[in-house]
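Every number in this text was worked out from the coordinates using simple rules, so none of it is lab data. Remember, it's a predicted structure, so these values are computed and weren't measured experimentally. We place every Cβ from the backbone using ideal geometry, glycine too, and count neighbours over all the protein chains shown.
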Amino acid sequence: MGRQRILLGVILALTLIAIGVIVKIPTPLGLDLRGGSQITLQAKPTEAVPEITPEKLQGVQTVVERRINGLGVSEAVVQTIGQDQLLVQLPGVSDPEQAERVLGGTAQLDFRSQKQGTERALNDLLLEREGLLSSREQLQNSSDTTMIATNETALQKTEQAIAVLFEKTGLTGDKLRDSYAEPTAANSWEVVLVFDEQGGTQFAEITKNLAGTGRGLGIFLDDSLLSAPTVPPQYAEAGITQGRASISGGFDTQEASDLAVQLRGGALPVPVEVVENRTVGATLGRDSIQSSIYAGVLGLVLVLIFMVVYYRLPGLVADIALMIYALLTLALFNLLGVTLTLPGMAGFILSIGMAVDANVLIFERTREELRTGKTLYRSVEAGFYRAFSSILDSNVTTIIACIALFWVGTGLVKGFALTLGLGVLVSMFTALTCSRTLLLYLISFPALRKPHWFCPNLSPTAKPQAEATS
Amino acid sequence: MKLQVIRQRSLWWTISLTVILMGLIAMGISWQQLGAPLRPSLDFVGGTRLQLERDCSVPENCAAPIDPAIVRQILDEQGLATSSIQVLGESQQGLLIRTANLSPEERSRLQTALSEELGTFDPQLTQIDSVGPTLGRQILSSGLLALIISFAGITAYLSLRFQFDYAVLAMIALIHDVLVTAGIFAILGLALGVEVDSLFIVALLTIVGFSVNDTVVIYDRIREVYKANPERSINDIVDDAVNQTLTRSINTTLTTLLPLVAIFLLGGETLKYFALALIIGFVAGAYSSIFIASTLLAWWRERVERGAIDASLESRLEPEPSDIASDES
């Protein structure tokens, strides 16, 4: 009986912890439930880049992330899927057109020369942009969408004002072959640019005109100024030749490699295409979650009633075990950060079905044992013992199906497999431990030791023996 | 009450074969009409689906129901004459349009034209699904791959826990369930235009996972009864095992169906046909476990045993499994 008590305590503690977890950690909802846009981008190989390597995809991801920051969406997520795809999740976006246009376009890197007499204006604007960028950083994790939007508009205006101060030169990113960060002196890094032949010639020409004037060479990515280095006077005669140049300016390692990645990313000649777009308006998502949850809960309540009516006392125990099961599983989802989608909810509801099945197997077995005239205690023990192999086999086969789904499935399918699989694992524990401990604890009270509470219409011949011992 | 599964096995087999045959005919017809055995949604073939609803907080916006003729005209002007149009909702303020896969520019042009003619739409109630054709094929092939992998995994596990012939027969029962569900959806696709999407593949996989449970529980019992009295005939053993587990099979199916029926009748549009596919599949699964997997096992074991006896009588003539396999259908 001591072991029974300990188990009972463990179950109680787990339940309390689960409730705590559910209250403390919010359940992350999928975009199909909270509303938003999910966009899949496909990186396309070209003649110059016949294969999408992980590095190339990384470059695409960097560009995409930067562009999303430009959209001012809070809590946006960018993930790579497989070899050549990116999944972009934009919560709260119900008009994805701008996002698609911005994400789908190829990044344009180009080099421009600063117009005469704009040095001071540029300085002021750069300072202004600095301030707006830092406030964007602060706003990124807040949910104040109006503030984010205002900041974005101001930022865009500044970018435009900066762009006006420069002249296009015709030298663009497709002529940049490589760029990387390189250390110069102690603690100082520079970014090296490598052009192709034609680009090298153009670059020499542009730098020749700018050298020594104090005007900057504007490096623009998607019309936003990345960097505006000046060209030292010694290049006034021939410009910077040989198709190589370096931008120095007291960068640290991180800044230098960021700029290099951005330049490389902008120069990346892999076009991306929007291959999938799933957008659900916030209200629509809320409506579908509500009606499905109500329906699921209604169905489960019917199941709980059925269990008590049909299986009596064990049915009641099973109901308690099921509620503990639901709490534990939800807490586990929250702990693991499982995002709840509509198919995920379906998986959860089905896993409750599995949990019920384990109990049904056990109680049917218990009844059979009672009918053969065994005592109550032995029948219950035998019910659990002999149902075990069926429960194990049936759950393992379901888990096999879940693994297959999770392994090769995409998006929504994965969510379903995960919730169903985790649910089945938890249900093995609750059906075998919770139901058993509670039931054995209950029949330790003589008042509850009534076989007809376990099996109605038990034949009278079996009764006396059943009540005799325990 | 005792169910005579073995004695009436030709009846059970006929019922299953009839349902499957009807499904196969429906698949054949839709193959001719649609080029696919089931009516595929844009998940598999690519395309754009726009669901819009008028913003009724704007005055005069929802005065009249949406006229599909105007929508048709707009679509024709945009060169999207082959699209399908459906007006939704009780007061006819919702609109569902399915077209070929549109680029973001094409789609926004269409949306602008629509709201110019029909009034403002509420972005909070908008749903957009756009899938490129390549991605559609990818979703389909990864789904089918998942199905094949889980079949193989389950067969391996059952061969390990039981015996190889148990596993193969359980697999036939599973294929039965998948065929019944797919067949009924082929009929629904022809009759009501019901489409299958990636959730349908999820449903098939769940059906496989669940229905193998029922079969395993019955096989488990057959094995147990057989161990207790190995001298009894396989037919009696199977009959007993099915009857002993019958209440459990019915109750489990019932408790699983309750939430699904609730979701089908009351739940959101997204999960409606998902729930229906599961309902059909689980019923088929329970049926096939009770009536098909069990009777097949009895029939097969009987043949093998008789073959073994014949073989020992006729001086080691090998039983020929190939004959048996060809008799099967």
Looking at chain A, identify the longest residue range that excludes and avoids all GluC sites (Glu not before Pro) in DSSP loops having at most 12 other Cβ atoms within 10 Å. A:238-470
Whole-angstrom gap from region A:1-54 to region A:181-246, using each part's C-alpha centre: 47
Stokes-Einstein D in µm²/s, Kirkwood radius over Cα pairs - region B:162-318 at 20 °C with 1.002 mPa s viscosity: 125
Under the rule of at least 5 residues apart or a separate chain, name every residue whose amide H is placed under 5 Å from the amide H of residue B:121. B:55
In whole Hz, with x marking every Gly and Pro, tabulate ³J(HN,Hα) for region B:6-23 from phi via Karplus 6.51 cos²θ - 1.76 cosθ + 1.60, θ = phi - 60°. 5, 4, 9, 4, 5, 5, 4, 5, 4, 4, 4, 4, 4, 4, 5, 4, 4, x
Among A:450/B:2; A:115/A:168; A:168/A:208; A:115/A:208, the pairs whose Cα-Cα distance exceeds 18 Å are A:450/B:2
Semi-axes of the equivalent ellipsoid for chain A, please: Cα gyration tensor eigenvalues, times 5, square-rooted, ordered largest first, whole Å. 69, 20, 18
Inter-centroid distance (Cα atoms) of region B:102-126 relative to region B:1-53, Å: 36
List the pair-distance distribution P(r) of region B:109-249, using every Cα-Cα distance, as the percent of pairs falling in each 5 Å bin from 0 up to the bin containing the longest distance, rounded to whole percents. 2, 8, 12, 14, 13, 11, 10, 8, 6, 5, 4, 3, 2, 1, 1, 0, 0
Can you pull out the trypsin sites (Lys or Arg not before Pro) in region B:168-235 that DSSP calls coil and that have at most 16 other Cβ atoms within 10 Å? B:232
Straight-line reach from residue B:272: which lysines fall under 27 Å, measuring Cα to Cα and dropping same-chain residues less than 8 apart? A:414
Rg/Rh over Cα atoms for region B:150-194, Kirkwood Rh, comes to 1.24
Below 16 Å, Cα to Cα, which lysines can residue A:44 reach? Residues fewer than 8 away in the same chain don't count. A:56
For residue A:81, list long-range residues whose amide hydrogen, built 1.01 Å from N in the peptide plane, is under 5 Å from its own amide hydrogen. A:86, A:87
Find how many whole Å separate the alpha carbon centroid of region A:377-426 from the alpha carbon centroid of region A:285-343. 16
What is the set of long-range amide H partners of residue A:166 at a cut-off below 5 Å, with H atoms built 1.01 Å from backbone N? A:115
Along the charge dipole of the protein assembly as shown, which of A:121, B:14, A:417 sits closest to the positive end, that is, farthest toward it, with unit charges on the beta carbon of Lys, Arg, Asp and Glu (+1, +1, -1, -1)? B:14
Quick calc, the protein assembly as shown, dipole around Cα centre from Cβ unit charges on Lys, Arg (+) and Asp, Glu (-), nearest 20 debye, gives 3240
Give the angle, between 0 and 90 degrees and rounded to the nearest 10, that separates the Cα long axis of helix A:342-371 from the longest principal axis of the Cα atoms of chain A. 20
Say each of residue B:243 and residue B:88 gets a label point 7 Å from the Cα, pointing the same way as Cα to Cβ; how far apart are those two points in nm? 5.2
When a footprinting reagent is the concern and you count Cβ atoms within 10 Å, what order do B:176, A:452 take, fewest first? A:452, B:176
Stokes-Einstein at 4 °C, 1.567 mPa s, Kirkwood radius from Cα pairs: D for region B:47-131 in µm² s⁻¹? 101
Positive-end residue, region B:47-131 charge dipole about Cα centroid, Cβ charges, pick of B:84, B:56, B:94: B:84
Per 5 angstrom bin, beginning at 0 and ending with the bin that holds the maximum distance, the Cα pairs of region A:308-452 fall in percents of 2, 10, 19, 20, 17, 12, 9, 6, 4, 2, 0
With each run of n ≥ 4 DSSP H residues scored as -39500 (n - 2.57), what mean residue ellipticity at 222 nm is computed for chain A after dividing by its residue count and rounding to the nearest 500 deg cm²/dmol? -20000 deg cm²/dmol
Between residue A:135 and residue A:156, what length in nm is gained on full extension when 0.36 nm per residue of separation is reduced by their alpha carbon distance? 6.2 nm
Return one quarter of the surface area of the convex hull spanned by the alpha-carbon atoms of the protein assembly as shown, equal to its mean projected area, in nm². 46.0
Dividing the mean separation of Cα pairs under 8 Å (6+ apart) by the residue count of region B:47-131 yields a relative contact order in percent of 49
Based on the Cβ-Cβ distance of residue A:255 and residue B:115, what FRET efficiency does E = 1/(1 + (r/R0)^6) give at R0 = 56 Å, to the nearest 0.05? 0.80
Looking at region B:1-109, which GluC sites (Glu not before Pro) are DSSP coil and have at most 13 other C-beta atoms within 10 Å of their C-beta? B:60, B:90
Of B:192, B:113, B:160, which is farthest towards the positive pole of region B:95-204's charge dipole, taken about the Cα centre with +1 and -1 on the beta-carbons of Lys, Arg and Asp, Glu respectively? B:160
Karplus ³J(HN,Hα) for region B:81-92 (6.51 cos²θ - 1.76 cosθ + 1.60, θ = phi - 60°; Hz, whole; x = Gly/Pro) runs 5, 7, 6, 9, 10, 9, 9, 10, x, 5, 8, 6
Could you give me the ³J(HN,Hα) list for region A:332-339, computed from phi with Karplus coefficients 6.51, -1.76, 1.60 and θ = phi - 60°, whole Hz, x at Gly and Pro? 5, 4, 5, 5, 7, x, 5, 7
Given a Förster distance of 35 angstrom, what is the FRET efficiency for residue B:168 paired with residue A:5, based on the Cβ-Cβ distance and rounded to 0.05? 0.15
Pair residue B:76, residue A:24: separation of 7 Å Cα→Cβ label points (nm): 6.5
